[in-house]
Amino acid sequence: MIDGLIAGHLVGLAETREGKNGTRFALAKVKATSGDGESLIVNVIAFATEASAALMALDDGDAIALAGALTPKVWTDKQGNTRPALDMVATQVLTAYHAARKQQTLTEQGKDAR
């Protein structure tokens, strides 16, 4: 298992599913760009309640950063070319909304300290 941080844009909408044992989780796809400029699809699953809720609140194309366990994969496209992909079990999700809210909280705490 590799712990990783991925930043990219949501592809489509996240969806919620329920496992056989009744646990709910969210599934999403994120398009990230690798160091050489090639796009990479990250298949995301989130079991944590806060991470799932954050994924479900996003729209197609929204910017997102995720932290969690990564598993490298390879898939073959319609032309027979092999392409890299990643599977991620996300434990943390950060969006522009979360960053703005955290900044606001820190600013308010700074005012209270004066």
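Tabulated results
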item: Of residues in region 18-35 being more than 16 Å from Pro84 (Cα to Cα) and at pLDDT 95 or above, the one nearest to the chain's Cα centre (by Cα); result: Ala28
item: Count of region 28-75 residues which are among the charged types (D, E, K, R) and more than 16 Å from Ala14 (Cα to Cα); result: 3
item: Test: Pro84 is closer than 23 Å to Gly35 by Cβ and modelled with pLDDT of 90 or more; result: no
item: Which listed residue is among the aliphatic types (A, V, I, L, M) and more than 22 Å from Met1 (Cβ to Cβ), from Met88, Met56; result: Met56
item: Matching residues, region 5-44, being open to solvent by 70 Å² or more (accessible area, probe 1.4 Å) and outside any strand (DSSP E or B); result: Lys20, Asn21, Gly35, Asp36, Glu38
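The values are calculated or read from the model by the stated rules, or taken from the named source; none is laboratory data. Small disclaimer: the values here were computed from a predicted structure and weren't measured. Cβ sites come from the backbone with ideal geometry, for glycine too, and all protein chains shown count toward neighbours. Areas reflect the complete protein model, heavy atoms only, side chains present, ligands, DNA and RNA absent. Shrake-Rupley method; radii C 1.70, N 1.55, O 1.52, S 1.80 Å.
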